[in-house]
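What follows is one structure encoded as structure tokens, with my remarks underneath.
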Amino acid sequence: MALKNYFVMWAAQRQNGTVAAPVESFEDERAARATWHTRCANAANGDNLKDTVVLMNAEGFVLESDTYEHAPAAAAE
């Protein structure tokens, strides 16, 4: 069994007030960093109120993190 050494977490605060915080695990740093960049691109182009994307190792040390904020969506009339 291979140990997971890296984690990418994407915490999303959605427009409707709900929160999602999926975590993905990786054996090697290269794959984890590639996913971190992909999740950051998704967050930067998304419409959630706030997205925080974190890359950390299994010891809990944060290697990268970024936050993206977007204005609330206009209410439908």
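FYI, it's all coordinate maths here, none of it is from the lab. No experiment lies behind these values; they were computed from the predicted model shown. Reconstructed Cβ throughout: ideal geometry from the backbone, glycine too, with neighbour counts over all protein chains shown.
Residues satisfying the criterion are present in segment 54-73 (criterion: farther than 21 Å from Ala2 by Cβ, without any contact (Cβ under 8 Å) to a residue 24 or more places away in the chain and touching a Lys or Arg at 6+ places or on another chain (Cβ under 9 Å)). Output the residue which, of all residues in segment 32-48 that are among the hydrophobic types (A, V, I, L, M, F, W, C) and free of Cβ contacts under 8 Å to residues at least 12 places away in the same chain, is farthest from Val62 (Cα to Cα). Ranking the qualifying residues of segment 32-48, first place goes to Ala41. Surrounded by 13 or more Cβ atoms within 10 Å (Cβ to Cβ), over 30 Å from Ala74 (Cβ atoms) and out of contact with any helix residue (DSSP H, G or I) (no Cβ under 8 Å at 6 or more places or on another chain): does that describe Arg33? When the stated conditions are applied, Arg33 passes them.
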